[in-house]
Amino acid sequence: MGNREDLLAGARRCLEEKGYLRTTVRDIASAAQVSMAAIGYHFGTREVLLNQALFAAMDEWAAGSGRLTGQGGTARERYADTWDRKIRDFGEMRWLWTASVEAFVHAQSSPELLAVLAEGQRQNRRMVAAQLSGVPVEEVAEEDVRSLGSVHIALLTGVMVQVLTDPEHAPDGRSLAQGLRLMAELLES
């Protein structure tokens with residue numbers, strides 16, 4: 001690996017061990033076994049490097065277990081199974097979700113990061129709406145992006161926070177599917 005790749009790998013290790021907010025330039029350079037100046041040369045700032053490492057880790061998660069998939073059973077059972085997998089990931093990859101929350105907090109004073117996170121949210125809403133609707137991303141209706149996609153992303157964030165703060169009492173996939181069914185019934189009455 002070159003210095004750039006070493007820095008990304010070092011930044012990821014630091015995110016796993018120290019989180020987003022507590023990781024320093026010195027920590028990353030030490031983990032990557034390169035000079036601190038290499039961060040500026042390759043990435044400009046610590047934040048740009050940490051953001052790239054964090055987004056790469058989130059992309060890895062989304063490419064693997066993060067997708068809305070499931071085989072067999074009813075749509076409700078597949079949805080519940082998908083949530084069980086996500087909830088398990090929240091616990092097993094606690095560092096990733098904690099770092100993402102820390103990045104959100106930091107973004108409140110970083111317009112550049114806030115813009116990147118906002119664009120990621122827009123893309124995620126569209127992707128999720130397409131997956132849940134069973135249509136290609138380019139064909140998903142804007143109304144579905146704003147409603148279905150937004151509700152699922154809100155649910156994802158809320159469940160993640162519950163798992164991180166109180167895992168013993170956080171909902172499981174079956175509870176979430178049942179709660180959504182009950183909410184739909186209430187909205188229809």
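Only the coordinates and a few stated rules stand behind these numbers; no lab work does. Bear in mind the structure is a predicted one, so any value in this text is a computation, not a measurement. Glycine gets a Cβ as well: all are built from the backbone with ideal geometry, and neighbour counts include every protein chain shown.
Structure summary
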| item | result |
| --- | --- |
| Gain on full stretching of the segment that runs from Leu182 to Glu119 - 0.36 nm per residue minus C-alpha separation | 19.5 nm |
| For the chain, with +1 on Lys and Arg beta carbons and -1 on Asp and Glu, the positive-most of Gln108, Phe43, Val137 along the dipole | Phe43 |
| Spin-label pair Glu112/Arg146, simplified geometry with 7 Å Cα→Cβ offset, distance in nm | 3.2 |
| Net lengthening on full extension, Glu139/Leu21 (0.36 nm per residue, minus Cα-Cα) | 38.6 nm |
| Net lengthening on full extension, Asp59/Ala9 (0.36 nm per residue, minus Cα-Cα) | 16.5 nm |
| Net +/- balance of residues flanking Val34 in space, Cβ distance below 14 Å, scoring K and R +1, D and E -1 | +1 |
| Pairwise FRET efficiency - Gln33 versus His169, Cβ, R0 = 45 Å, nearest 0.05 | 0.60 |
| Peptide ranges 7-16, 176-185 listed from the most packed, as the mean C-beta count within 10 angstrom indicates | 7-16, 176-185 |
| Distance between the range 80-112 and the range 128-149 - C-alpha centres, whole angstrom | 22 |
| Projected-area mean, the chain, by convex hull of Cα positions, square nanometres | 12.7 |
| Helical contribution to [θ] at 222 nm, DSSP H n ≥ 4, -39,500 (n - 2.57), averaged over the chain, rounded to 500 | -23500 deg cm²/dmol |
